[in-house]
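The values are calculated or read from the model by the stated rules, or taken from the named source; none is laboratory data. Note that the structure is predicted; figures quoted are calculated from it, not measured. Using ideal geometry, Cβ is built from the backbone for each residue, glycine included, and neighbour counts are taken over all protein chains shown. For accessibility, only protein heavy atoms count, side chains too; no ligands or nucleic acids. Shrake-Rupley method; radii C 1.70, N 1.55, O 1.52, S 1.80 Å.
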Amino acid sequence: MNKPAPKLLTLTDTAVNHINTLITQSEKPVLGLHVAVKNTGCAGMAYDVNYASEPPPNSIKIEDKGITLYVDNFASVFLAGAQVDYKTELLSAGFHFSNPNATGECGCGESFTVG
């Protein structure tokens, strides 16, 4: 029997709470978040998260825990099955991706590689 495919992207409760706060505090209307990857950083690719005030072209719309995410088509290959969390640490705070497709990360955790 085949296993069901993993969700493209999921959010932790902490990420959902932070996203709801961001959307509530935004001065412009926000439909959700646009999630992409870009070629940059010391490991090769970096996560890119921005507000989406309208559905971005070439994106897959998904819903998780009441949050709308628009995942860039190109990024979907690298993000399939990833979970997004929001972490606050001593000197930094931000979204953290637990990505099963990443084969390595740079020392600061800002960028990743895939095999």
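The local environment of residue 20, defined by Cβ-Cβ distances under 15 Å, has a net charge of -3 under the rule Lys, Arg +1 and Asp, Glu -1. What are the aspartates and glutamates whose alpha-carbon lies under 18 Å from the alpha-carbon of residue 65, with same-chain residues fewer than 8 places away excluded? Filter leaves 13, 85. Here the accessible area of the chain is 52 percent carbon and sulfur, with a 1.4 angstrom probe and all protein chains present. With protein chains left intact and a 1.4 Å probe, residues in the range 14-115 average 58 Å² of accessible area per residue. For trypsin sites (Lys or Arg not before Pro), the sites in the range 50-115 that DSSP calls loop and that have at most 14 other Cβ atoms within 10 Å are 65. Per residue, the convex hull spanned by the Cα atoms of the chain measures out at 130 cubic angstrom.
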